[in-house]
1. Please find, within the stretch 608-634, the residue that is surrounded by the fewest Cβ atoms within 10 Å (Cβ to Cβ) out of those that are among the aromatic types (Phe, Trp, Tyr) and touching a residue at least 24 places away in the same chain (Cβ under 8 Å).
2. With the structure loaded, tell me whether residue 289 is surrounded by 16 or more Cβ atoms within 10 Å (Cβ to Cβ), more than 23 Å from residue 608 (Cβ to Cβ) and among the aromatic types (Phe, Trp, Tyr) or whether it fails that test.
3. Of the numbered conditions (1) surrounded by 17 or more Cβ atoms within 10 Å (Cβ to Cβ); (2) more than 22 Å from the chain's Cα centre (by Cα); (3) over 30 Å from residue 52 (Cα atoms), residue 642 satisfies every one except a single condition; which is it?
4. Give, as residue ranges, the helices (runs of 4 or more DSSP H) completely inside the stretch 236-348 that count at least 1 residues that are of a type outside the set (Asp, Glu), within 26 Å of residue 633 (Cβ to Cβ) and modelled with pLDDT of 95 or more.
5. Would you tally the residues in the stretch 451-495 being outside any strand (DSSP E or B) and either free of Cβ contacts under 8 Å to residues at least 24 places away in the same chain or over 16 Å from residue 89 (Cα atoms) (or both)?
6. Looking at the stretch 390-413, I want the residues that are buried (at least 19 other Cβ atoms within 10 Å of the Cβ) and have a partner that is among the small types (Gly, Ala, Ser) and not in a helix (DSSP H, G or I) with Cβ atoms under 7 Å, at least 6 apart or on another chain. Which pairs are those?
7. Starting from the stretch 518-533, keep only residues that are touching a residue at least 40 places away in the same chain (Cβ under 8 Å) and closer than 17 Å to residue 432 by Cβ, then list their pairs with residues that are part of a helix (DSSP H, G or I) and among the polar types (S, T, N, Q) whose Cβ atoms are within a distance under 8 Å, requiring at least 6 positions of separation or different chains.
8. Please state which one of 235, 210, 218, 274 is out of contact with any Asp or Glu (no Cβ under 6 Å at 6 or more places or on another chain) and within 18 Å of residue 597 (Cα to Cα).
Amino acid sequence: MNRATRITARAIVLGALVSGLLALANPHTHYVAATWSIGWGSLPMGVVFALFLLVAANGLLARLPGKTAFTRGELLAVYGAAIISYPLIRMYLPYLAGMLSYAFYRASPENEWENLIWPHIPSWSRLSSPDAVNWFWQGLSRGQTVPWSDWAGPMLAWGLFTAAAMAAMFCLAALMSRDWIDRQRLTFPLVEVPLALVGDGPTPTPGRSILRNRVFWIGFAVPSLISLLHWLSRIFPAVPDPTLEYLVGRHLAGMGLPWSVLGEMRIRLYFAVIGIACLIPGEVSLSIWLFYVLYCAALVVLAGFGITESASSVAGFNPRSVVGFAEAGGFAVLAATALWQSRGRLKSAVNGLLGGRAAGPDPSAPLSGRAALLGFLAANAFMLWWALRAGMSWWSFAMWAVLFYVVLIGCSRLVAAAGVMRADAAAAVYPFPREVILRTVGALPIGPPSLTIMTYLSFAYTGNVENSAMPQMMNSFKLVRSERLAGTAFTRAAVVVSLVVLVVGSVGLLQVAYRHGASSLQCWPLTGAATCTFRQLDSSLHSPELPSNWLRGAIAGGAGFMLLLVWLSSRFVWWPVSPVGFVIASAFFTNYGLWFNTFIGWLLVTLVRRYGGLTVYRALRPAFLGLVLGEFLTRSALAVFSLLIGLEVPDPFALA
C-alpha cells in the first residue's frame, strides 16, 4: 500500500468542534422541543447533515487564496470520528443519566426499593444527594444551580467503564476490519452516502459532489417535498399533511384469532431506508422482508391452533419469545461465523503479541494487530475489575461480556455486509444479554448484586443495539482505508473527539435535564430507558426468572437453522436468500420501518434490473442516494430554520 495521507491537526479540531456542537444541540432539540434528533442507527442524520454543511462551506473556502479549503481526506476523517462518538450522544449518556438516579427518585414504601435495590448499587456509582436526585427529575427552582459536585463521582465511574467499553469495541473492530475490507470485500453500503457527498475531487465542494448529478435530484425531490409539506402542515393546518404511516394492525386487531396476533403490524415510509435498500444486493433485501413475512405467517398459523402470547395451549410456549430466542441463537452463529472467517487475521495478531510472525505493517490500519489485541485484553480486564468492585461475580460478567460481543459483532456484520441502517435485536430478548442469561441460567444462581449490575450494563450498553459504537467504527475504518488515511492519526482523532463528546455531552444533557426536569422531557431514551431498567429489575428480584427449556431449545434450534442458512448461502451460488434477515425478523424496527421499505427497494431494483439491465441500474444509483439525502438534509434544514426563526415544529418521525 502507498504511503498514507496524514490527518492534520485542524481536521481533529474541526471534528471535535462539530461533534461537540451536536452533543450540545441534541438534548434541546430532541428532549425539549422534539423537533430534531441527531439520528438513529448506523447512518445518523445529524452527522450526515453536518458533513453536507462542511462541504458547502468548503466550497466557499476553495474560492479564497491559499490552501484554506479542507481536503477530501480531512472531511472524511471528521465524519468518521463523529460517527464513532455519536453513540455517546444518542445512547450511552442518556441511558446512564436516567438510570443513576431513577431507583432513588421512584423508591416508595410500596415497591420497597430502598431494601430491595439500593443495597446492591455501589455508593461510588450513584448520586448521593436526595436534592440532586429530585432536582434532576423535577427541575431546579429559581436561584438553584446544577449540583455538579454530586455528579462528578458517578459520572467519572461510569465514564471510565464507558471509555473501556468503547476502547474494547475499537480494538475488536480494528482486529477484524482489515479482513472484512480487503479479503472478504464486504460492500459497506452506508459508506456510499458520505463518499457521494464529498465527491471524487481532492477538494470537496458542492459542484464536485453528487449534488451536481441531475438524476440525484429526481430522488431527492420526493422525500424533500413530502418533508416540506409535513413541516408546513404543522404551521398552517390548511396545508395537507401527507400520510406516511398506516397501521395495518388496527384493522386486524378486531378480527379475532388468528389475525389479531398481527395487531402491531404497521407500514411507515422511510425514504432513506428505501434508498439504501436499492443499493444492497437483491438476496439481502429479499431476506429482510421475506423473513418478516414468514415470522408473521408463523404467528398466524400458531394462533390458528390457539397458541398465542396471552393464552397458549402448550405450557410455557410463547411464540414471540421462542422466535426471539431463536434469533438470539442466530446472532451467536452470525458472530461465530464472522470470527471464523477472520481467523487468519486474529491468529496473526496473537502471533504478533507472542513475538512470532505477524502481518506486515499497514499505514491505514487504526492499530497494529498486536496493539489491537493487547488493547482489547486490557480494556476487558479493566471492565472485569470494575464489575467485581461493583459487586458482580466474575462468571456472570463473563457471560454478559460474551453475549455483549456476540450482539456487537452480529450487528456490525449486518451493517457492513447488508447495509441494515438499524440493526436491532428481537423485542422478546430486550435487553439482549440480560434476558438470554436469565432464561437459560435463571436469576437465582446469579444473585441480586450481580443481577443489579448486569441490568445496568445490559440496558446502558445494549439497550438500543442499533446505536452501538462498533458498527460505526467499522464504517469509519472503511472510509479511512478507502481514502488511505493514516490509521494511527485517525485513532488519535477518534479518541480526542470521543473524549470531547463525553464531557460536553454530559454537561449539556445535565443542564437540560435540571433546567426542565427530566420527567417533563421527551420520554425515550432519557426517562423511558430508566423506567424499563428498574421495572425489569424489580420483577426479577420479586419473582426471579427460572430457566426455560423452550427457550433453551429455541436458541439451539435458531443456531442450527442459521448454520443451515449460512451453509446454503456460501455453498450454492443459485441460493437466492441471505441469512441476515432471519436474525432481525421479529425486531421492533423491522416491523416499524424496515420490512416494507426494504420490500419497496427490492421490488424497484428487481424491476429495473430485469427490464433495464445493469446499465439503467447504475444510471439510477444517484437517485437512490437522493432518497437518503433528500430525507436527511431537508428535515435537518427545516429544523435549523425553525430554530433560527423561533419556531418549534415537532417532528415525531425524526425521533423514532
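The values are calculated or read from the model by the stated rules, or taken from the named source; none is laboratory data. Quantities reported herein were computed from a predicted structural model and do not represent experimental measurements. Here the Cβ positions follow ideal geometry from the backbone for every residue, glycine too, while neighbour counts run over all protein chains shown.
1. 624
2. No.
3. (3) is the only condition that residue 642 fails.
4. Ranges flagged: 271-277, 282-304.
5. So in the stretch 451-495, the residues outside any strand (DSSP E or B) come out as 451-484, 486-495.
Of the ones still in play, those that are also either free of Cβ contacts under 8 Å to residues at least 24 places away in the same chain or over 16 Å from residue 89 (Cα atoms) (or both) are 451-458, 474-484, 486-493, 495.
Total meeting the criteria: 28.
6. The qualifying pairs are 407/425; 408/468; 411/423; 411/468.
7. Listed by first residue and then by second, the contacts come to 533/455.
8. Answer to the check: 274.
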